[in-house]
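Read-outs: derived from the displayed coordinates by stated rules, not from any lab. All values derive from a computational prediction rather than experimental measurement. Neighbour counts are summed over all protein chains in view; Cβ atoms, including those assigned to glycine, are modelled from backbone coordinates with ideal geometry.
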Amino acid sequence: MSGTLRASPRLLPPDMPLPLDLAEPLARAGDGLGIFGRHVRWYPEIPSTNDAAAVMAERGAGQGCVIVANAQSAGRGRHGRPWVSPPGAGLYVSTVLHPRERAIPLLTIAAGVAIVEGIQAATGLKSRVKWPNDVYVDDRKLAGILAEGGTSEASPRQYVVLGFGINLMPAAYPPEIARLATSLEYELGRPVDRGLLLIECLASLSARYADLQAGEAHRVTSAWRACAASSLGRRVQWSGAGTHIEGVAEDIDESGALVVRTGNGAVRIISGEVQWI
Ligand code: BTN
């Protein structure tokens, strides 16, 4: 999990009718979206879809509630970084989940797989996951995932807000990081159908989440290995808690930890992020 949400009564503006380019594919997908097909809320602009989803969870929203925004004025990334979210330049989505205890450690791993699969199904583009859950094309970041947990009186179980942002256009990221980031439009050389992208990502997320909930975590870790094939075998470094580790990223284990082969043997990395070197 990337972070913890503080439960507090927050205001949420009224949601708006979905634009046609999202409403039609969502209606067509129907049951194919599993738990995500029932309750989709749309906002032209909102501070953060993760915050809006947390408010919904605190109000007792059932699992599978989906928040989509055209723009975010205070989009968040991992480790407290901002996630710049100009209107229409990215897909900004958050979902409310009530996972079983055993599913929680692998949620972001499952989400990374789902986004890679969703992007390929909607556009044909092959991307890959970088541990734990960044989505890359070559060495350029295309999408990110932020999972935050919280508790609410409305639900006996911990809820998790799982948010993802996918760059649709180069306008999604500041020019100063253009070397490190990419967008679907840049990679494909054509505009993308964001409605199709949304339903393919939700359909895949629904299937991967169902695997975890059913105790079939091995299906998710195998799929992750396939999506990370070109990232495994690379030299990485990791720093945290006063330690610096350098070695070759070998695998993930069944708890989602990254196994790095160093000069002193295999080391498991359970949090933070690694840099490719
Ligand atoms: C990262 O790679 O740092 C994670 C980025 C996550 C961004 C998404 S956009 C939708 C949702 N709302 C947010 O404020 N953040 C996530």
Task: Sum of side-chain charges, F36 neighbourhood, beta-carbon under 13 Å (Lys, Arg +1; Asp, Glu -1) - done: +1
Open item on the list: Can you give the Rg/Rh ratio of the range 26-66, where Rg is from the C-alpha atoms and Rh is the Kirkwood radius?
Closed with: 1.00
- [ ] Can you give me the three principal axis dimensions of the range 158-277 from its C-alpha atoms, in Å, biggest first?
- [x] 48, 42, 29
Open item on the list: Can you report the principal axis dimensions of the range 33-151 using only the alpha carbons, biggest first, rounded to whole angstrom?
Closed with: 41, 35, 29
TODO: At 25 °C and 0.890 mPa s, grab the translational diffusion coefficient of the chain from Stokes-Einstein with a Kirkwood Rh over Cα pairs, rounded to a whole number in µm² per second.
DONE: 130
- [ ] Normalising by the residue count of the range 63-112, find the relative contact order in percent from Cα pairs under 8 Å and 6+ residues apart.
- [x] 39
TODO: Output the relative contact order of the chain, whole-number percent, from Cα pairs under 8 angstrom with separation of 6+ residues.
DONE: 19
- [ ] Per DSSP H run of n ≥ 4, the term is -39500 (n - 2.57); total these for the chain, divide by its residue number, and report the mean residue ellipticity at 222 nm rounded to 500 deg cm²/dmol.
- [x] -8000 deg cm²/dmol
